[in-house]
Structure formats: structure tokens, C-alpha cells
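The values are calculated or read from the model by the stated rules, or taken from the named source; none is laboratory data. Model, not experiment: these values are computed from the prediction. For neighbour counting, all protein chains shown are included, and Cβ atoms are generated from backbone atoms with ideal geometry for every residue, glycine included.
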Amino acid sequence: MKNILLVEDDPVLLEVSKLTLAKMGGFEVTGVLSAELGIDEIMNRKFSAIVSDYDMPGMNGLEFLKTVRESGNDTPFIIFTGKGREEIAIRAYELGADHYLQKGRDTRSLFYEIIQ
């Protein structure tokens, strides 16, 4: 079974996203509320993919992505954010993101994109 690390600082959105990814994609989903906790998880186990919010207190999603890539970890990484600014998407790809998705569109379609 493929496992996903989901990093989202909104506890309600984290829980809904975990349940949706598990149900729609059949994934085992580990959810954490901060990038710092995400780093702890990555140190302890291997994931099939990482899905991270951008706008989080402390370390944001781009800083998290940069830290993951600088450690040599090449796990597929998706930035999943409500901040739809072009410069964030460009920077995410420059840092090694595999995909950038903006929240707020049709939720079902967004989760299908993540699953793919």
C-alpha cells in the first residue's frame, strides 16, 4: 500500500484530506500539522509522496520542500495551497516540487490530481 505524508496546519482540512485520500486513493495517510513535524516523520520512515500546504506558521511549504530536497530526499512532492500566486508556483518548481495545486477549485478534481 502506498503511503502519503500530508502536511496541513488546519486541523479540520487535515482530517478531511486524510479521509478523502484514504477513501478515494486507497492510501495510508500520515497527517501532521507542521513542516517541522513532517521532517520528523520523514526521518523515521519512507513515503510514496509528500503533500504539503504552503502557508503555514514557522516553516512554510517552500522552506519544507527545500529542506527535504537538500537532505537528498527525492520523494514526489506536491505543494497544495490556497495561495495561487504565480511566483510561489515558479519557486516551488525551482526547488524541486513535482506538482503545484491550488485549493479552492472543485475539491473532488483536486484530490484526483493528487492521487494521480
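Taking the stretch 26-38, which residues are closer than 16 Å to Asn60 by Cα and surrounded by fewer than 18 Cβ atoms within 10 Å (Cβ to Cβ)?
Once the filter is applied, which keeps residues that are closer than 16 Å to Asn60 by Cα and surrounded by fewer than 18 Cβ atoms within 10 Å (Cβ to Cβ), the stretch 26-38 yields Leu33, Ser34, Glu36, Leu37.
Restricting to the stretch 55-82, what's the tally of residues that are among the aliphatic types (A, V, I, L, M) and under 10 Å from Gly96 (Cβ atoms)?
2
Within the stretch 64-88, can you find the residues that are among the β-branched types (Val, Ile, Thr) and in contact with a Gly (Cβ under 7 Å, 6 or more places away or on another chain)?
Scanning the stretch 64-88 gives Ile79, Thr81.
This table checks each residue for (1) at pLDDT 95 or above; (2) assigned to a loop (DSSP other than H, G, I, E, B); (3) among the polar types (S, T, N, Q); (4) surrounded by 15 or more Cβ atoms within 10 Å (Cβ to Cβ).
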| residue | (1), (2), (3), (4) |
| --- | --- |
| Leu62 | yes, no, no, yes |
| Asp74 | yes, yes, no, no |
| Phe80 | no, no, no, yes |
| Ile90 | no, no, no, no |
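For Met43, all conditions in the list (1) surrounded by fewer than 13 Cβ atoms within 10 Å (Cβ to Cβ); (2) at pLDDT 95 or above; (3) not in a loop (DSSP other than H, G, I, E, B) hold save one; what is the number of the exception?
(2)
Which residues, taken from the stretch 1-56, are among the aromatic types (Phe, Trp, Tyr) and out of contact with any helix residue (DSSP H, G or I) (no Cβ under 9 Å at 6 or more places or on another chain)?
none
What about Glu86, is it modelled with pLDDT of 95 or more and out of contact with any Asp or Glu (no Cβ under 9 Å at 6 or more places or on another chain)? Walk me through it before giving the result.
Working: modelled with pLDDT of 95 or more: no; out of contact with any Asp or Glu (no Cβ under 9 Å at 6 or more places or on another chain): yes.
Against the criterion (modelled with pLDDT of 95 or more and out of contact with any Asp or Glu (no Cβ under 9 Å at 6 or more places or on another chain)), Glu86 does not qualify.
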